[in-house]
Amino acid sequence: MWGGRFAAGPDAVLEAINASIDFDKRLYAQDIRGSKAHVAMLAAQGIVTKADAKAISEGLDAILKEIEAGSFTFTRALEDIHLNIEARLTERIGAAGGRLHTARSRNDQVATDIRLWVRDTIDDLDVMLADLQKALAEKATEHAATVMPGFTHLQSAQPVTFGHHLLAYVEMIGRDRGRFRDARARLNESPLGAAALAGTSFPIDRQATAKALGFARPMANSLDAVSSRDFALEVMAAASIAATHLSRFAEEIVIWSTPQFGFVTLSDAFTTGSSIMPQKKNPDAAELVRGKSGRVIGHLIGLLMVMKGLPLAYSKDMQEDKEGLFDALDTLALTVAAMTGMVLDMVPNGQAMKRAAGAGYATATDLADWLVRELGLPFREAHHVTGKLVGMAVERSVPLERLTLDDMQSAEPRITDAVFDVLGVTKSVKSRTSYGGTAPKNVKAEAKRWLKQLAKG
């Protein structure tokens, strides 16, 4: 492929380290799409004949069918997807195939391919993430009033509802989708026509190729067009944040499904057994979602390290962008699918959740709030009084609501028996009616709003 400059072929080791066809062959559809847009523009500009352009376009369509049918032979000797397709094109249509590469380089070609692939993948991920939001919102509607403990420091804090907890992840995933949309908008510029690094002397129409490929505009600087991978970094950063959200939820599922918590049950579809302990039911799907987050994050760090010292414009180091990018987004898609499946599959244990919500004096804040609201105590004083009462309950090994009125009045004489109206966990969650609070009516309204929004796409 290199013409007369080289008298001998590459060493086998160089061929092995240099070739990218083993992983960049998945760009075949984007590569062919970009080539068809390019040759159509060349013909429109009179740079190649319409007859040659027609032969090239038809040849590319035939190659696309070969690849999709599994009959195309990829070879490392041709390094990458671009040269493999170009060589096969020349085999099929003759010398006209060599005209396809006029006014472009593999540098702008691969940059275009990757942007097209990432754009397509973001669109697929958005649908998957929306499906996960829908599954969460539907389960939140069903369990808007199911009481569970809310935690800080993994210690019982205040009662919340299971639906409210699930909606927290709906919000997080909504921001994840927003980050992907923002990244998509920024990457939606076409590098095609930047050529190797300096543009071309041919009278090409970059606006035409950008429009044909669905880009908003051509990239304005040819050096930037071929050498930037910040779009890949931004998408991988968004993927890393999304993977972190999934990992946090996966960790909660692991904890909730233990016999010690017993908050949820997963079916056999998302659990595995033990080779030695017949009683075990392990939440392997959740554990793998948690584990694979490190893989996604690691690929982001890897590409940052590749790019950090590269001068403009293109360097072969940038070939290292693809494997990590592909695997990061593939892995995220798999974990989103697994999490969606687990959300649909899990069966909450409302009794266990409610029992746990009442443990650890989780309604102490409700008592303090009552002292402020009904008796006019400054909150810090109410906090002190409540702390004394919690200490008394701990000494007697009883919940707060089992203290007598005399017990309560020993800490604050003005307390009345109306205080007992706020000490149950169900009453506690119903009282949290502030915007964004856990009250069941809030949860139902928010879940309904999300489902309506998701239905609109």
* Can we say Ala53 is in a helix (DSSP H, G or I) and over 24 Å from Ser228 (Cα atoms)? -> yes
* Looking at the stretch 218-227, is at least one residue farther than 18 Å from Asp123 by Cβ, part of a loop (DSSP other than H, G, I, E, B) and open to solvent by 30 Å² or more (accessible area, probe 1.4 Å)? -> yes
* Can we say Ile67 is outside any helix (DSSP H, G or I), open to solvent by 10 Å² or more (accessible area, probe 1.4 Å) and not aromatic (Phe, Trp, Tyr)? -> no
* Asked: Does Ala87 satisfy the condition of being of a type in the set (A, V, I, L, M), at pLDDT 95 or above and over 21 Å from Phe202 (Cα atoms)?
  -> yes
* Whichever residue in the stretch 252-274 is open to solvent by 70 Å² or more (accessible area, probe 1.4 Å) and in contact (Cβ under 8 Å) with a residue 24 or more places away in the chain and, among such residues, is nearest to Val296 (Cα to Cα) -> Ala269
* So, of the residues in the stretch 278-288 that are part of a helix (DSSP H, G or I) and not charged (D, E, K, R), which turns out to be least open to solvent (accessible area, probe 1.4 Å)? -> Ala286
* Out of the residues in the stretch 86-132 that are in a helix (DSSP H, G or I) and of a type in the set (Lys, Arg), which is nearest to Val343 (Cα to Cα)? -> Arg119
* Which residue out of Glu412, Glu381 is surrounded by fewer than 18 Cβ atoms within 10 Å (Cβ to Cβ) and at pLDDT 90 or above? -> Glu381
* Asked: Taking the stretch 409-457, which residues are in a loop (DSSP other than H, G, I, E, B) and more than 25 Å from Met148 (Cβ to Cβ)?
  -> Glu412, Pro413, Arg414, Ile415, Thr416, Lys456, Gly457
* Structure fact -> Within the stretch 107-135, the residues that are within 14 Å of Ala242 (Cβ to Cβ), of a type in the set (A, V, I, L, M) and open to solvent by less than 10 Å² (accessible area, probe 1.4 Å) are Ile122, Leu125, Leu129, Leu132
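Here is a yes/no grid of residues against (1) touching a residue at least 60 places away in the same chain (Cβ under 8 Å); (2) surrounded by 19 or more Cβ atoms within 10 Å (Cβ to Cβ); (3) in a strand (DSSP E or B):
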site	(1), (2), (3)
Ile276	no, no, no
Arg290	no, yes, no
Val296	yes, yes, no
Leu300	yes, yes, no
Leu310	yes, no, no
Glu320	no, no, no
Glu323	yes, no, no
Val343	yes, yes, no
* Asked: Hey, does the stretch 194-213 have a residue that's of a type outside the set (Ser, Thr, Tyr), open to solvent by less than 30 Å² (accessible area, probe 1.4 Å) and under 30 Å from Ser247 (Cα atoms)?
  -> no
* Structure fact -> Of (1) closer than 22 Å to Asp31 by Cβ; (2) not in a helix (DSSP H, G or I); (3) not acidic (Asp, Glu), Lys211 fails just (2)
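The values are calculated or read from the model by the stated rules, or taken from the named source; none is laboratory data. In this text the structure is predicted, and so the values were computed from the model without any measurement. Glycine also receives a Cβ, built like all others from the backbone with ideal geometry; neighbour counts cover every protein chain displayed. Just so you know, the surface numbers come from the protein's heavy atoms only, side chains and all, with ligands and any DNA or RNA stripped out. Shrake-Rupley method; radii C 1.70, N 1.55, O 1.52, S 1.80 Å.
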